[in-house]
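The values are calculated or read from the model by the stated rules, or taken from the named source; none is laboratory data. Bear in mind that the values here come from a model prediction, so they are computed numbers and not experimental data. Here Cβ is always computed from backbone atoms with ideal geometry, including for glycine, and neighbour counts include all displayed protein chains.
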Amino acid sequence: MDFRAALYLLAHREKPIKWLLLPMIHVGSATYYETILSRLNQCDGVLMEGVRTTKAKVLFHLQSWMLRYSHLDLVPQKAFLHQDSIKIPIVQSDLSHKAFDQDYGQVPLWLKGALWLFFPFLYLYGHLLTRNMLARNLAIEDLVSREENLEPDTFEPMDQLILLKRDDHLIETMHRLQSSAISDQTLAICWGAKHMRAIAYELMHLQGYHVESAEWVTIFPLEQDPK
C-alpha cells in the first residue's frame, strides 16, 4: 500500500481561471516531488506558501524535524521545489514577514515555551518513527474527522496563525487574481495539505467550482506489516 495524495483540477463555467490543487507534505519520496514539479510546470503560474521570517522558520522547522532520520529514506520538499526548478511565474501568496511576526507576538508565552520544550521529545520520537506512523500523523481527509472535532483547543492561538490567517491571506490573493484575469489560464496552488480544505471549500462551496479531473499520486510507499 501507498500513502497518497489527490490532485484536483477545479474549473468554473463562467470564470477564466482553473485551479490545480497540489497538497504538499514537507517530506516524501523523490518520485512524488518530481511528479508535483512536472504537473506544476504545465500551469501558467503557481501560488506558493512561505513566510520569510526567522520566527516562521523556527515554527515550520518543527514540522520537518523528522528529516534528520535517514532510516525513513525520504527527501525534503525544498530539495525539489525551489525557484530554480519552477519554470513558471511564482505568486507569493503567504503572509508578509511583518504580518506574521505581528501575529506571532500575540501567541501566549506559555505556548511558545511549550513548543521549545517539545523539541527534545520530537528528537527521541524520530528515532522510533516509521513510514506507517508518519503517514498516520500526516493523513488529512477532505472532511473534518470526528477525532479532529474532539481534539482540545490547547493550540488554537498557533492554529490561528499557522492555518487560518494564512488561509485568509491566500484566499484574498486568489480573489485578486480572479478579478484581474482576462484570459483562460490554469494556476497551481502549491500549499500544505492542511490548507486544502479551506481552499476547496472556498472554490467549490462558495464560488461554484467543480472537479474537472483528479489524479492520485504516491507520496511514499508504506511498509508491509510483518505476518
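Quick notes on this structure:
- Condition check for Q42: modelled with pLDDT of 95 or more, among the polar types (S, T, N, Q) and part of a loop (DSSP other than H, G, I, E, B): yes
- Subset of segment 66-77 that is buried (at least 17 other Cβ atoms within 10 Å of the Cβ), farther than 19 Å from L170 by Cβ and not β-branched (V, I, T) - its residue that is modelled with the lowest pLDDT: M66
- Taken over segment 15-38, the residue count meeting the criterion of being at pLDDT 95 or above and in a loop (DSSP other than H, G, I, E, B) is 2.
- Sole exception among (1) part of a strand (DSSP E or B); (2) over 28 Å from R136 (Cβ atoms); (3) not β-branched (V, I, T) for W191, by number: (2)
This table checks each residue for (1) modelled with pLDDT under 95; (2) touching an Asp or Glu at 6+ places or on another chain (Cβ under 8 Å); (3) within 18 Å of R13 (Cα to Cα); (4) not basic (K, R).
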{"position": "M174", "(1), (2), (3), (4)": "no, yes, yes, yes"}
{"position": "L187", "(1), (2), (3), (4)": "no, yes, yes, yes"}
{"position": "A193", "(1), (2), (3), (4)": "yes, no, no, yes"}
{"position": "A198", "(1), (2), (3), (4)": "yes, yes, no, yes"}
{"position": "E202", "(1), (2), (3), (4)": "no, no, yes, yes"}
{"position": "L206", "(1), (2), (3), (4)": "no, no, yes, yes"}
{"position": "V211", "(1), (2), (3), (4)": "no, no, yes, yes"}
{"position": "W216", "(1), (2), (3), (4)": "no, no, no, yes"}
{"position": "F220", "(1), (2), (3), (4)": "yes, yes, no, yes"}
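- Set E212, E202: member being assigned to a strand (DSSP E or B) and among the acidic types (D, E): E212
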